[in-house]
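S.K.: Supplied in structure tokens, the structure appears directly below.
The values are calculated or read from the model by the stated rules, or taken from the named source; none is laboratory data. What you are looking at is a predicted structure, and each value in this text was computed from that prediction instead of being measured. Note that each Cβ is placed from the backbone with ideal geometry, even for glycine, and that neighbours are counted across all protein chains shown. The accessibility values were calculated without ligands, DNA or RNA, using every heavy atom of the protein model including side chains. Shrake-Rupley method; radii C 1.70, N 1.55, O 1.52, S 1.80 Å.
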Amino acid sequence: MSIQKLIRPTIKALKPYSSARDEFQGNSDDMVFLDANENPFENGVNRYPDPQQRSVKSLLSEIKNIPENNILLGNGSDEVLDLIFRAFCEPNQDNIITLPPTYGMYSVLANINAVEIKSVQLDDNFQPKVDEILEVSNDNSKLLFLCSPNNPTGNSFEAKSIEELIKKFQGIVVIDEAYIDFSNEESWISKLSEFPNLIVTQTLSKAYGMAGIRLGICYASSEIISVLNRIKPPYNVNELTQQRAIQQLKLNDLTKKQVEDILLERKNLINQLNTVSYISKIYPTDANFVLVEVDDATKRYNQLIEKGIVIRNRTTQPGCENCVRLTVGTANENKKLIKVMKEI
């Protein structure tokens, strides 16, 4: 598959902006910087940040065992996804395919970018309907979004189905792996060299506990990363975010321990949820949350709010009638949740 054929003509012809820190990439020791119109008085953030976030990418490259030129960083995964739209989807002409129930920002970004949305609802087991997806796609179908583990359902998609879609879909397949660290499934970043039309997005917001710094990650071929780098804002990841990400990535063992604790709490929480009388179904999960079906989702949601506990009411999502989504908290938070759920 030729990626060049999928890129918007205006993006191909674009002359990217070159920032001061793009043009000078040498050793900064003992250099006097008078090139970027910055305030010269040192306070830790008076200089523009590295536009390519090299130190962060170096750590990610080591952790994920993937070359740095296969990595792009963004101001949260939402910016990464928006860049993908801008690179490949011609407004008022192209379309994307989503598989509801799924992460709502795919559709929001499509609407912002004036891109048609084709939806193929997941089957009763929340798995992709491969044949229907391929049937609904056409020459203008540029992006297919697969959220695995899926939000809000929590389950992972079958590897066989994902691989078939990557091979047969004639556009870019974007696998959103925001919750991959809580799953036993292997990340699809190990398949990037095999599939040129594959993009994998991850985040530091979940397992790494850094939702507040807004750092999203895109893994793809160097060809795709090069295209996205051409259109990203010059300093899209600020200095404080880069510094905080570096600190946390160096504590990778701590992250692994926290993930283990969350998985243990997830198991304990599910066991306790089985004892709540009005819960009729607990869906399998590979994420740090659990989707459960109750007798009246809106009623239970409001009752928990009154008791000081905030969950997510997902009853309006396709296939999720009377379902609520519960994030796995600390041991004490989970105990309080179960106690209150039984009281109401």
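S.K.: Taking the Cα centre of the chain as the origin and placing charges on Cβ (Lys, Arg +1; Asp, Glu -1), which of N138, I279, Q247 is farthest toward the positive end of the dipole?
M.R.: I279
S.K.: Report, in degrees rounded to the nearest 10, the 0 to 90 angle that the Cα long axis of helix 297-306 makes with the longest principal axis of the chain.
M.R.: It works out to around 80 degrees.
S.K.: Cβ neighbours within 10 Å, averaged per peptide: list 8-19, 331-342, 169-180, 277-288 in order, most packed at the top.
M.R.: So the peptides 8-19, 331-342, 169-180, 277-288, ranked by packing, come out 169-180, 277-288, 331-342, 8-19.
S.K.: Moving on. Which FRET efficiency, nearest 0.05, do N37 and E116 yield, Cβ-Cβ r, R0 30 Å?
M.R.: Once rounded, the FRET efficiency stands at 0.10.
S.K.: Moving on to the next point. Could you list, in their original order, any pairs among K57/K336; K12/K129; K206/K342 whose Cα atoms are separated by more than 32 Å?
M.R.: Check vs 32 Å cut-off fails for K57/K336; K12/K129.
S.K.: Quick query: amide H of D176 versus all other amide H atoms, modeled in the peptide plane; which residues come in under 5 Å with a sequence gap of 5 or more or a different chain?
M.R.: Distant-sequence amide H within range of D176: L146, C147, S148, T201.
S.K.: Let me ask another. Carbon and sulfur: what percent of region 55-158's accessible surface (1.4 Å probe)?
M.R.: Using a 1.4 Å probe with all protein chains present, region 55-158 comes out at 38 percent carbon and sulfur.
S.K.: Relative to the longest principal Cα axis of the chain, at what angle does helix 76-88 sit, 0 to 90 degrees, rounded to 10?
M.R.: Roughly 60 degrees, rounded to the nearest 10.
S.K.: Let me ask something additional. Fully extended, how many nm does the chain gain between K307 and K257 (0.36 nm per residue separation, minus their Cα-Cα distance)?
M.R.: 14.9 nm
S.K.: Once you have the Cα-Cα distance between I279 and K5, take 0.36 nm times their residue separation minus that, and quote the gain in nm to one decimal.
M.R.: 93.7 nm
S.K.: Taking the chain, how much of its Cα-Cα pair set, in percent, is spaced more than 37 angstrom apart?
M.R.: Percent of Cα pairs beyond 37 Å in the chain: 24.
S.K.: Using only the alpha-carbon atoms, how far is helix 222-231 inclined from the longest principal axis of the chain? Give it as 0 to 90 degrees, nearest 10.
M.R.: 80 degrees
S.K.: So which aspartates and glutamates can K15 reach, going by Cα to Cα under 17 Å and dropping same-chain residues fewer than 8 places off?
M.R.: E23, E223
S.K.: Continuing with this model, one more query. Could you compute how fast region 229-344 diffuses translationally, taking Rh as the Kirkwood radius over C-alpha pairs and applying Stokes-Einstein at 4 °C with viscosity 1.567 mPa s? Give it in µm² per second.
M.R.: Once the numbers are plugged in, D ends up at 79 µm²/s.
S.K.: In nm, what is the difference between 0.36 nm times the number of residues separating T315 and E62 and their Cα-Cα distance?
M.R.: Value of the extension gain: 87.0 nm.
S.K.: Ranking request for peptides 258-270, 35-47: highest mean number of other beta-carbon atoms within 10 Å first, then the rest in descending order.
M.R.: Highest mean packing first, the order is 258-270, 35-47.
S.K.: Among S107, Q93, L14, whose Cα projects farthest towards the positive end of the dipole of region 1-109, with charges put on the beta-carbon of Lys, Arg (+1) and Asp, Glu (-1)?
M.R.: Highest projection toward the positive end goes to Q93.
S.K.: Could you size up the charge dipole of region 119-189 around its Cα centre, putting +1 on the beta carbon of Lys and Arg and -1 on that of Asp and Glu, and report it in debye to the nearest 20?
M.R.: 200 debye
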